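Asks: First the structure, then my questions, so here it is.
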Amino acid sequence: MKIATQLLHSIPVDELTGAISVPIYQTSTFVQESPGINKGFEFSRANNPTRKVLENIICSLEEGHAGFAFASGMAAIDAVMKLLKSGDEIMAVEDTYGGIFQMFQHMFERFGIKANFVDTSNIDKVLAAITPNTKMIWLESPTNPTLRVSDIKSISKIAKQHNVLLVVDNTLCTPLLQQPIPLGADIVIHSATKYLAGHTDVIAGLVVVNTKTLADQLRFNQNISGSILSPFEAWLTIRGIETLCLRLDKQCSNAMAVATWLSAHPAVDKVFYPGLASHKNHHIARKQQKQYGALVSFSLKNDNIKNAIRVVNTTRLFKLAESFGGVKSMLDHPATMTHRNIPEDHRKKTGLQDSCIRLSVGIEDAEDLINDLKQALDKLNLPAGKQITVLQ
Ligand SMILES: *Cc1c(COP(=O)(O)O)cnc(C)c1O
């Protein structure tokens, strides 16, 4: 079966009633026939039938051994980090998601787990940064917002040689565009809040692991820390996944159209989109991704925060909001919004400019999206007196 068919038909019909929509089992506990004799469910923190459907879907799409659903992407990451112990080191992609940067630096560092941030798009730097204490390599590919791509297969070989777990945050691609486990990763993470749920109405996180040993550890962490996804949020996520193929196809083709158009606009300096041949890591993306995703970032020739804010305040269809992956187009100014907690020197080191604007391209008509950006960018050339009010 092709993926579009596999995806829909990995969502089961309810055996008990024939319900074609997955039932929401809104219950905390399950009645047992005799102590330990039950229908496979005891308490919803440990296991819940609605959540289990979602966990099986993501496991099947990522071709892993077991899946787990959490209350958020961050809760999923927290559960994976708790596979480590004090004294262990983690090598993380340099321009990791802002929340992950903070979690590694300001939470797990206090528990004696040190994070070492490395430009993993460069294999030599990965090799050079491995120490005897490195226990985990943490990748995001592509990263956000500058969309750097790391070679998952090559890094997985290094990880195996050094007995290091390879974790890939696959939020930006979803399993439809990239499958890290067949490429050699041990663990895949998703903020399902983004493309998987896809309608900006749920916060959810998913983990898929490739062995029984890891599955047992993760199941323990999920149950004991207890940051599980509720049955209703699990249902919303399943419902979102049903249309993932359609949404993502449209979003990727819209993103390519927008990125191509932006590249030719006189006010635009750099365009970051791995689908453009001019992108630094295009050759790696072409090798390991089916399409190039729907995040597009760009910087302005006049590289300053004021100009970027002028643009994000002027678009009409692109709504100014944090997060991405929904059906409606959104935009973000990372330096003052999603990435404001990242120290400026680290931000600059990863190539994130003051004027960088991140677009989450939705499913609208590409021409309308381009016209919206055009009217916003064209206003940059107005004389100073005619500018719209600028937030400070
Ligand atoms: C949003 C995001 C997270 C965090 O997920 P939440 O669902 O917001 O907790 C982690 N990684 C990446 C790449 C993200 O974009």
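The values are calculated or read from the model by the stated rules, or taken from the named source; none is laboratory data. The shown structure was predicted, so the numbers you read here are calculated from the model rather than taken from an experiment. Quick reminder, even Gly has a Cβ in these numbers, built from the backbone with ideal geometry, and neighbours come from all protein chains shown. SASA here: full protein model, heavy atoms, side chains in, ligands and nucleic acids out. Shrake-Rupley method; radii C 1.70, N 1.55, O 1.52, S 1.80 Å.
Asks: Can you say whether Ala92 is in the same structural domain as Ile187 (by TED's automatic domain parsing) and within 10 Å of the ligand (Cβ to nearest atom), as far as the supplied structure shows?
Replies: On the way: in the same structural domain as Ile187 (by TED's automatic domain parsing): yes; within 10 Å of the ligand (Cβ to nearest atom): no.
Taking the combined requirement at face value, the residue does not satisfy it.
Asks: Of all residues in the range 47-72, how many are touching a Ser or Thr at 6+ places or on another chain (Cβ under 6 Å), open to solvent by 10 Å² or more (accessible area, probe 1.4 Å) and either within 12 Å of the ligand (Cβ to nearest atom) or in contact (Cβ under 8 Å) with a residue 60 or more places away in the chain (or both)?
Replies: Restricting attention to the range 47-72, the residues satisfying the condition of being touching a Ser or Thr at 6+ places or on another chain (Cβ under 6 Å) are 54, 57, 60, 65, 70-71.
With the extra rule that they be open to solvent by 10 Å² or more (accessible area, probe 1.4 Å), the set shrinks to 60, 65, 71.
Then keep just the ones that are either within 12 Å of the ligand (Cβ to nearest atom) or in contact (Cβ under 8 Å) with a residue 60 or more places away in the chain (or both); that gives 65, 71.
Of the residues in the range 47-72, 2 are touching a Ser or Thr at 6+ places or on another chain (Cβ under 6 Å), open to solvent by 10 Å² or more (accessible area, probe 1.4 Å) and either within 12 Å of the ligand (Cβ to nearest atom) or in contact (Cβ under 8 Å) with a residue 60 or more places away in the chain (or both).
Asks: Is it true that Ala4 is hydrophobic (A, V, I, L, M, F, W, C), outside any loop (DSSP other than H, G, I, E, B) and loosely packed, with under 14 Cβ neighbours inside 10 Å? Outline the logic, then answer.
Replies: Details: hydrophobic (A, V, I, L, M, F, W, C): yes; outside any loop (DSSP other than H, G, I, E, B): yes; loosely packed, with under 14 Cβ neighbours inside 10 Å: yes.
Spelling it out, Ala4 is indeed hydrophobic (A, V, I, L, M, F, W, C), outside any loop (DSSP other than H, G, I, E, B) and loosely packed, with under 14 Cβ neighbours inside 10 Å.
Listed here are the residues, each with its yes/no results for (1) more than 16 Å from the ligand (Cβ to nearest atom); (2) in contact (Cβ under 8 Å) with a residue 60 or more places away in the chain.
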site	(1), (2)
Asn116	yes, no
Thr120	no, no
Ile130	yes, no
Met136	no, no
Arg148	no, yes
Asp151	yes, yes
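Asks: While we're looking at this one, here's another question. Might you check whether a residue that is farther than 19 Å from Ala257 by Cα and either surrounded by fewer than 22 Cβ atoms within 10 Å (Cβ to Cβ) or modelled with pLDDT under 95 (or both) occurs anywhere in the range 355-377?
Replies: Looking for residues that are farther than 19 Å from Ala257 by Cα and either surrounded by fewer than 22 Cβ atoms within 10 Å (Cβ to Cβ) or modelled with pLDDT under 95 (or both), one finds none in the range 355-377, hence no.
Asks: Looking only at the range 153-170, filter to residues that are surrounded by 24 or more Cβ atoms within 10 Å (Cβ to Cβ) and touching a residue at least 60 places away in the same chain (Cβ under 8 Å); which one of those is farthest from the ligand (Cβ to nearest atom)?
Replies: Filtering first and then ranking leaves Val167.
Asks: Another question, if that's okay. Take the range 316-370 and flag every residue that is of a type in the set (Gly, Ala, Ser) and closer than 16 Å to Tyr97 by Cβ.
Replies: The initial filter retains those residues of the range 316-370 that are of a type in the set (Gly, Ala, Ser), namely 321, 323, 325-326, 329, 335, 351, 355, 360, 362, 366.
If the condition is that a residue be of a type in the set (Gly, Ala, Ser) and closer than 16 Å to Tyr97 by Cβ, then Ser323, Gly325, Ala335, Gly351, Ser360 are the ones that fit.
Asks: Taking the condition of being away from the ligand (no atom under 16 Å from the Cβ) and without any contact (Cβ under 8 Å) to a residue 24 or more places away in the chain, how many residues in the range 297-331 meet it?
Replies: Quick first cut of the range 297-331, residues away from the ligand (no atom under 16 Å from the Cβ) only: 298-320, 327-329.
Now restrict to residues that are without any contact (Cβ under 8 Å) to a residue 24 or more places away in the chain: 319-320.
Residues in the range 297-331 being away from the ligand (no atom under 16 Å from the Cβ) and without any contact (Cβ under 8 Å) to a residue 24 or more places away in the chain: 2 in total.
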